[in-house]
1. For residue 168, are the conditions met, namely being surrounded by fewer than 20 Cβ atoms within 10 Å (Cβ to Cβ), more than 19 Å from residue 193 (Cβ to Cβ) and in contact with a helix residue (DSSP H, G or I) (Cβ under 7 Å, 6 or more places away or on another chain)?
2. Could you run through segment 181-215 and say how many residues are closer than 28 Å to residue 151 by Cβ and more than 21 Å from the chain's Cα centre (by Cα)?
3. Residue under question is residue 173, and the condition is that it be in contact with a helix residue (DSSP H, G or I) (Cβ under 7 Å, 6 or more places away or on another chain), surrounded by fewer than 17 Cβ atoms within 10 Å (Cβ to Cβ), assigned by TED's automatic domain parsing to the domain that holds residue 59 and on the phi < 0 side of the Ramachandran plot; does it hold?
4. Pick from segment 4-37 the residues that are out of contact with any strand residue (DSSP E or B) (no Cβ under 9 Å at 6 or more places or on another chain) and part of a loop (DSSP other than H, G, I, E, B): which of them is surrounded by the fewest Cβ atoms within 10 Å (Cβ to Cβ)?
5. Looking at (1) touching a residue at least 24 places away in the same chain (Cβ under 8 Å); (2) over 23 Å from residue 400 (Cα atoms); (3) surrounded by fewer than 16 Cβ atoms within 10 Å (Cβ to Cβ), which one does residue 118 not meet, given that it meets all the others?
6. For segment 176-188, give me the residue count where each residue is surrounded by 15 or more Cβ atoms within 10 Å (Cβ to Cβ) and at pLDDT 80 or above.
7. Checking the conditions here, which among 160, 123 is surrounded by fewer than 19 Cβ atoms within 10 Å (Cβ to Cβ) and farther than 30 Å from residue 392 by Cα?
8. In segment 208-215, is there at least one residue being at pLDDT below 90, touching a helix residue (DSSP H, G or I) at 6+ places or on another chain (Cβ under 8 Å) and outside any helix (DSSP H, G or I)?
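The values are calculated or read from the model by the stated rules, or taken from the named source; none is laboratory data. These numbers come from a predicted model, not from an experiment. Don't worry about glycine lacking a Cβ; one is built from the backbone with ideal geometry, like all the others, and counts go over all protein chains shown.
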């Protein structure tokens, strides 16, 4: 008989508790990490286990007050089965609200008078982590914390449960379905290697949004009441997320802070550059969130150069480097295209050339092409067009995620140097 996602998840959790002597949950206060934590608590209590699990909460200072209430309640109500690691550290966090800065720091001591709320009692500070440095990004801190926690517990094998679902993005889908079996624990596709004897596990990867709310209702679990306010504000279920409000994904919903949590909003606009502008225009076509119209007298290429001319030199060079890298890759090495897409391009009179540099999946073929102003076909996102760079600039998308960029080779090398250096400190 076919099992439902709840039954499959409980099997996965059982595997983890049998295989790992050290387990902790990354808990943000959102619906996914909340239901995942409740599943673990249910398993521990149902099976009358004597062990506890860690709950790791990265506090970003700026968040809805309902999220703060929910997190505090969960951490206080389960002392019999959890150990709390509430972290308030001034690491770097990306921001897409400003054209003048690419990151900000929560709990920055230099901005203490501007903090959105007081630092919670008993939290872990930067002085508690010997690996901390002002150059650390939040994503790097996640990884180094896992090793710190592994060594703290003198564990044989450590597992961090992360509440991601493939429904939410193609990047998360690829995290699960990547064919790199060597980075899985016992070839389980819902796990991923982090460091030696340390793994991430994504036990609810196959859940839908409706499954999350079905579980909360059926088992009577508590949840972040912010989602009720989202619903009352008319936000669709699939867009209701709890994350740093300054990331690209939160740009179009930042304005809701004014209606849902006005006291927090009043303190936020003094905290980060560009908050008020993004709150007003972040869900409009001013920052290319809806249909974008080219101004009269411009091509997308000339409009891109106009937008670049309005930026500080450092920001302008960042976008130009990304544009150059994109043009070099797609023109010299090529992109993977289907037969249908190739026909559409030829019908549009677009010249493309074959290339053998990129390996493609079945039913796709490699072709090279130059940057263009725009391409009016459904597969728009697959092509190097100046319009996409214009969208990145308007959204303050400094990493150019809209263009499909991840870290560059140089950025990866710099990150690996930092990680290796602080691994040595952790091991003493």
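1. No.
2. 8
3. yes
4. Going through the qualifying residues, I end up with 4.
5. In the conditions (1) touching a residue at least 24 places away in the same chain (Cβ under 8 Å); (2) over 23 Å from residue 400 (Cα atoms); (3) surrounded by fewer than 16 Cβ atoms within 10 Å (Cβ to Cβ), residue 118 misses (1) alone.
6. Counting residues in segment 176-188 that are surrounded by 15 or more Cβ atoms within 10 Å (Cβ to Cβ) and at pLDDT 80 or above gives 3.
7. Testing whether each residue is surrounded by fewer than 19 Cβ atoms within 10 Å (Cβ to Cβ) and farther than 30 Å from residue 392 by Cα leaves just 123.
8. For segment 208-215, residues at pLDDT below 90, touching a helix residue (DSSP H, G or I) at 6+ places or on another chain (Cβ under 8 Å) and outside any helix (DSSP H, G or I): absent.
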